Each structure stands twice: as C-alpha cells, then as structure tokens.
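Shown next, in structure tokens, is the structure this report addresses.
Rule-based calculations on the coordinates, nothing more; no lab input. In this text, all values refer to a predicted model and were calculated from it rather than measured experimentally. Cβ sites come from the backbone with ideal geometry, for glycine too, and all protein chains shown count toward neighbours.
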Amino acid sequence: MHLTPSFLQQYPLFKALTDEELNQVIPLTRVESIRKDACLYLAGETSDKLYFVIEGWFKAERTSMDGRQATLRFMGPGELINELSIFSTVVNAVTVIAMADAKVLILAQNDAKTFDFWIN
C-alpha cells in the first residue's frame, strides 16, 4: 500500500497537518494485517502504538469483576484506536479485539514524539 498525505488526512489526527508534515510522518508508519480475534492490546497493560483502521472492525471490551464481558465500542475504517498512547503512558481500560480480518496503519509513540507539530 502506497501512503500519501491525502490518504492520511482522512483521519482526524492528521486533518490539520500540511502535506510537508505528513510526508515526515509517512516513513515512520507501517501497515499491518490483523487476523480475526487477534488482540491489539489488553486491559491493564500499556500500549505505545496508535492504530488507524484502514479495513475491518474492532471491538473494545471490558470484563467486570464477576467475569462478564461488555462490549463498549466498535471501531471501523477511518477511526483511531488508542489515541492516548501518543501523548501518555496510561494503562488501557479496555481490551481491543479484531472482529474480522483487518488492516491498520501503526504509529509508535516514540516516533510521534519527534514532531513539534503534534503539540501545536
């Protein structure tokens, strides 16, 4: 998949960035295929990756103290997953699981921190 600034601008986090800024981000990202039922991250752990859903659907789940699982949110194409990971090291409150085979664009926290334009 060939990434372009116009492709990245479909995601809310990238809308305000210029083509020049987006061209700095592109080499730091990678596209990854995710299999159905694969876990992006677990509740109670930290994750340093920001996921941009290209294809497929994911669900965010939480398990109660008595073991019941509740689905809190569904995320699909054009949406972000784990956006707090870029700016902090918070513990995940939910587990995120692929509902079908999917494709995501990944940006690691360390790479995102190298850009001043994230703060502006």
Q.
I want to check a number: in the chain, how many lysine pairs have alpha carbons closer than 22 Å, given a sequence separation of 8 or more or different chains?
A. 10
Q: Report the extension gain between Lys103 and Glu45 in nm, rounded to one decimal, defined as 0.36 nm multiplied by the number of residues separating them, less their alpha carbon distance.
A: 18.6 nm
(Q) Give me the net charge for the shell around Leu8: Cβ to Cβ below 15 angstrom, other residues only, Lys and Arg +1, Asp and Glu -1. (A) -3
Q.
Could you work out how much longer the chain between Glu79 and Val31 gets when fully extended? Use 0.36 nm per residue separation minus the Cα distance between them, nm to one decimal.
A. 15.8 nm
Q | Segment Thr114-Thr71, length gained on full extension (0.36 nm per residue, minus Cα span) | A | 12.0 nm
**Q.** Max mean-square fluctuation residue, GNM over the chain, Cα-Cα springs under 10 Å, options Val91, Val31, Val53
**A.** Val91
